[in-house]
Structure formats: C-alpha cells, structure tokens
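Below is one structure, written out as structure tokens, with a few remarks after it.
We did not get these values from a lab; they are worked out from the coordinates using the rules stated. A quick note: this is a predicted structure, and the numbers were derived from the prediction, not measured. Heads up, the Cβs are rebuilt from the backbone with ideal geometry, glycines too, and the neighbour counts pull from every protein chain shown.
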Amino acid sequence: MKKEITSLHQSLLNFDLYKELADAKMRARYNRTILGPFWEIFGALVLLLLLSFLWSKLWKVTFLNFFTYLLIGYTLWRTILSTTTDACQLFSNTYTGVLKNVKIHPFILAISCAYKNFLTLLLNFPVIVFILYLNNQLHFSSIFFSIFFMFLFFLSSIAASFLLAVLCLRYRDLEHTIGVLLGMVFFFTPIIWNTDQLGDKILYIQLNILYHYIHFFRSGLQNGEVNSLSIIAVVITTAFLILLALYVAKKTRKKIAYWID
C-alpha cells in the first residue's frame, strides 16, 4: 500500500492541477451568470428563512436561534449531498474521457471533486459568522473547532469521493440507489429538527455517522465546544475512509480503465 500512500500524497501536493479541474467545473456550471455560486447561497437563505419562520412558530422556539441551527446544519448537508452526487458520476461520466486519454491518477479527480464542494462550503462561512454574531454565539474556541473539522471533513470528502466513484463505475445501479438512500437519511439526521425532541431516544441517532459530522460542525460553531463522542467518531471515520480508499486504490489500480468501457 506504500505506492498508494505516495500517490495520494503527491496528488494532494499537486494543487494547481486539481484546483484547475475544480475551477473548470465551476465555470461550466455557472457560465454567463453574474453571481455564480452565490446563487446557491442566496437561494438556500431564502428557503431557510421561510422554513425557520414557519417552524419556529410551530415549535414555539426563537426564530433567530432556530434559523442559526438550521442554517449551519443544512449548509453542511448540502455540501455532503453535492459531493456525493458529483462523486457518483466522477469516473463513470464526468471524467471518462480524461481517464481514457490522459495519464492521471484517479486520486487527483477525487480531490478536485472534494475541493470544488469544499470551496462552496467556505463561501457560506461569512453568512454563518454574521448570523452567529447577530445571535451572540461567536466564540473564540469556534475557530479551533472549525479548522479541525474542516481538515477532517476535507480528507473524508476525498476518500469518500474516490470510493463512491469506483463503486459507481463498477456497479452503475449504485448511483441511483445512493440517491434514494440519501433522501431517506436526510429525515433521520438532525438537520431540520433538534435532537432534544428525541428525549432519551437519542442513542438511535448516534448510530448515524452523519449526525456526528453535523453535530461537530454545528456545535463547534454555535457553542464553541463539541462532545468527545462526536470528535472520536469523526476522527475514526476519517481514518477508516482513508485506509479503505488506499486499499481499494491498490486493488483497482489496473481495473478502472477496463470498467470505463
């Protein structure tokens, strides 16, 4: 597996290449628009404002508190969903021609996918920080937790993107299956509802690894602290995904080109 570790390390250092690949996809998606990716941010804000106004009345909670909670959770979920959707088509559709005609390690393509969506997440940060300021929830320790989480999340996104790209290339039906599963997982993850509403049944939600990612991100920003269980869960999951990606890369090194056809 030493060769795969070296390949991943070299791919991560090849910033110019995966940045250019990510920028090309961003330019193609938002071609001839003035605001570009900011359209997604504004669209999400309008939706979340309306939902927060309605649900804060239904659940009798403070509008700004609920909007802050919803904004942070939904922002990360949208990034996860976008990364997963892009990854499912990465080798089987998006970069088929590149893999056929250019000598490039698949890790580069996975990093470009994660990087593109990571940039979108970063573009939301000024809005999140402003809302936290309005809600008097800015903490100095939030900076540490945010940086730590972003590092782990970026590595997780790279590994997950590679794994999903390989799996969906080998088994084409998985792309549609994953889309259905994500739609179901959304309602079982505390994004639009609060874990306090579960009472003593929160144990069931803790089995959902996405809960720990969202809790780490949200609680670190809102409260300036994160429970140790979520930190450990995210760290272990990140390490596991990286090791699994390296193992799959070793096993599929000479097979990806054949699966494309």
I104-R32 pseudo-label distance in nm [points 7 Å out on the Cα-to-Cβ vector]:
2.6 nm
So how far apart, in nm, are the two label points at F63 and I5 if each is 7 Å from Cα heading toward Cβ?
5.5 nm
Taking every alpha carbon pair in the chain and sorting the distances into 5 angstrom bins from 0 up to the bin holding the longest one, the percent per bin comes out as 1, 6, 12, 16, 18, 17, 13, 9, 5, 3, 1, 0
Among the listed pairs K25/K255; K116/K255; K103/K255; K3/K103; K103/K250; K103/K254, which have their C-alpha atoms separated by more than 19 angstrom in this model?
K25/K255; K116/K255
What is the pair-distance distribution P(r) of segment 39-173, computed from all Cα-Cα distances in 10 Å bins starting at 0, with each bin given as a whole percent?
11, 34, 28, 18, 8, 1
Quick calc, W39 & D196: beta-carbon distance into FRET formula, R0 41 Å, rounding 0.05, result 0.75
If you line up the Cα atoms of segment 166-261 on their principal axes, what length do they span on each, largest first, in Å?
50, 26, 22
Take peptides 25-32, 52-59 and line them up by average Cβ neighbours within 10 Å, highest first, as a rough protection proxy.
52-59, 25-32
Stretch gain in nm, segment F240-Y171, where the contour uses 0.36 nm per residue and the Cα spacing is subtracted
22.6 nm
Order of 159-166, 83-90 by packing, highest average Cβ count within 10 Å first?
159-166, 83-90
So the label point goes 7 Å from the Cα of I143 along Cα→C-beta, right? Which residues of segment 203-224 then have their backbone N under 15 Å from it?
221, 224
Return the distance in nm (one decimal) between the two label points of a simple spin-label model at L123 and L51, each offset 7 Å from Cα along Cα→Cβ.
1.9 nm
Once every DSSP H run of n ≥ 4 in the chain is given -39500 (n - 2.57) and the sum is divided by its residues, what mean residue ellipticity at 222 nm do you get, rounded to the nearest 500 deg cm²/dmol?
-25000 deg cm²/dmol
